[in-house]
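Asks: Below is one structure. I have some questions about it.
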Amino acid sequence: MGQPLNVGIVGVGAIAGQYLSTFERLAAVRLVAVADLDAARAAAVAAEQGVRALTVDELVNDPEVDLVLNLTIPAAHAEVALRAIAGGKSVYGEKPLAATPAEARAVLDAARAAGVRVGCAPDTVLGTGVQTARKAIDDGVIGLPVAATATMTTPGHERWHPNPDFYYQPGGGPLLDMGPYYVTTLVTLLGPVESVVGAASHTRATRTIGAGPRAGQTVPVDVDTHVTGVLRHVSGALSTLVMSFDSVATRASNIEVHGQAGSLVVPDPNQFDGDVELHELGGSWVTLPPSAGYRDAGRGYGVADLATTPDGVPPRAGGELAYHVLEIMTALLESAGSGTTVAVESRCERPAAVPLSDLPQSDTPLRDVPLSDVPR
Ligand SMILES: NC(=O)c1ccc[n+]([C@@H]2O[C@H](COP(=O)([O-])OP(=O)(O)OC[C@H]3O[C@@H](n4cnc5c(N)ncnc54)[C@H](O)[C@@H]3O)[C@@H](O)[C@H]2O)c1
């Protein structure tokens, strides 16, 4: 493998630690700098990691940085990504790609014009859980896929997150926060979506923080907190979605996929692994051994996957997929408001399947070629 891709992180809050610990075992990427609106937070992480603490402007223009890892809150995703692209950097961001499809399209257009690459979480779908389910479907084990169900219920992240404000502002909510895991999995398993029907509700005007220095404070709720709907895939399959910050518990599977010859239980798409269960017609439930995906993966594998994807080929956790997922989610909310079916205009290829492997690998020198998603 060539020189690793040099990564600078903007936004070192709650989720950053998971990326930092994964990077220690990924030869394809190397952390070189961090930045945050909170300079003291950036300085602390920089000291711990032995890298430079910079301002955001310095980081996006730093000659050593190849890719900006954008771990800011959703409302800042597009702004930070555009600044990084203007600095000539590829970007990989936490989900969602941006708060709105218009902002997300601006990011993809700017990246295309600049000849840089865009990646986006979730990369959990590259792990053995979702990839083993995908291989079973692609191998025809359940026959023609007809339907899927996806259920995410929680009483709300404010119980544990010290700064949960963003979960209850536009760009957050159960759909835009957790939906990317579920919808990205559904597109990975069943292909792109052409239209949606949605319904949504909003039960409380405020939420009370349950942990950290702000415990007991309330945050305003400006989004729907229970969202449900049906996605019509281009293939004809129908996926039923329930995403809720208003539910205490569930015994429903995270995701089930039903085909004419069998049904599959897909593990939590917010995790990289987990058991895939199969029930064939006339049989009973059996657990499938992992047969595809990155083993023992963690947040950050999508960055390494991007770094090892050849120039001109979209990375698996790529911008067009993230855009399609964002458009599907936005269309669901639009449908919930209008009470009508809403068409989804964008299309994306199903990302390339991940063979069973330990790490994203490539013979291509990484730093030695400018990486772009666009064929040259
Ligand atoms: N917390 C989790 O468990 C979790 C899990 C998966 C994904 N995510 C995603 O990760 C992202 C970040 O979530 P988090 O929980 O780490 O949030 P957080 O609020 O804990 O951290 C965000 C950090 O970004 C900084 N920041 C915000 N705007 C900025 C800007 N314009 N420029 C520079 N720095 C800026 C903040 O100061 C903060 O340190 C979100 O998109 C979220 O959906 C979070």
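Asks: Can you list which of the DSSP-assigned H helices in the chain have a Cα extent of 18 Å or more along the long axis and an average Kyte-Doolittle score of at least -1.0?
Replies: Taking the DSSP H segments of the chain (at least 18 Å long, mean hydropathy at least -1.0), we get 74-86, 101-114, 173-190, 319-338.
Asks: Rounded to the nearest percent, how much of the accessible area of the chain (1.4 Å probe, protein heavy atoms only) is carbon and sulfur?
Replies: 54 percent
Asks: Who wins for biggest fluctuation among 119, 156, 282 in a Gaussian network model of the chain, springs between alpha carbons below 10 Å?
Replies: Comparing 119, 156, 282 in the GNM, the peak value goes to 282.
Asks: Compute, for region 129-260, the length of the dipole vector about the Cα centre, with Cβ point charges of +1 (Lys, Arg) and -1 (Asp, Glu) only. Units Debye, rounded to 20.
Replies: In total the dipole reaches around 220 debye.
Asks: What is the Rg over Rh value, at two decimals, for region 150-266, using alpha-carbon atoms and the Kirkwood definition of Rh?
Replies: Result: Rg/Rh = 1.04.
Asks: Something else: For the chain, what is the accessible area per residue in Å², given a 1.4 Å probe and the full set of protein chains?
Replies: 40 Å²
Asks: How much accessible surface does residue 321 have with a 1.4 Å probe, in Å² rounded to 10?
Replies: Only protein atoms counted, so the area is about 20 Å².
Asks: Further question: Given the alpha-carbon gyration tensor of region 270-331, what are the semi-axes of its equivalent ellipsoid in whole angstrom, ordered largest first, with each equal to the square root of 5 times an eigenvalue?
Replies: Ellipsoid semi-axes (Å, largest first): 29, 18, 11.
Asks: Another question, then. Normalised by the number of residues in the chain, what is the relative contact order in percent for Cα pairs under 8 Å and 6+ residues apart?
Replies: Answer for the chain is 22 percent.
Asks: Any idea which of 262, 80, 10 is furthest toward the positive side of the dipole for the chain, if Lys and Arg beta-carbons carry +1 and Asp and Glu beta-carbons -1?
Replies: Of 262, 80, 10, it is 262.
Asks: Let me check the size of region 206-307 from its C-alpha atoms; what are the radius of gyration and Dmax in Å?
Replies: Cα only, region 206-307: 18.6, 55 Å (Rg, Dmax).
Asks: Which log10 I(q)/I(0) values, to two decimals, does the chain give at q = 0.07, 0.09, 0.15 Å⁻¹ under the Debye formula with one point per Cα?
Replies: -0.29, -0.49, -1.39
Asks: Please state the shape class of region 1-156: rounded when a/c is under 1.5, otherwise prolate if a/b exceeds b/c and oblate if not, all from the C-alpha gyration tensor.
Replies: Prolate, because a/c is 1.5 or more and a/b exceeds b/c.
Asks: Hey, can you rank 157-167, 172-182 by average C-beta count inside 10 Å, highest first?
Replies: In descending order of packing, they fall as 172-182, 157-167.
The values are calculated or read from the model by the stated rules, or taken from the named source; none is laboratory data. The model shown is predicted, which means the values in this text are computed figures rather than measured ones. Every residue, glycine as well, gets a Cβ built from its backbone with ideal geometry; the counts of neighbours run over all protein chains shown. Accessible surface is based on the protein model in full, side chains and every heavy atom, while ligands, DNA and RNA are left aside. Shrake-Rupley method; radii C 1.70, N 1.55, O 1.52, S 1.80 Å.
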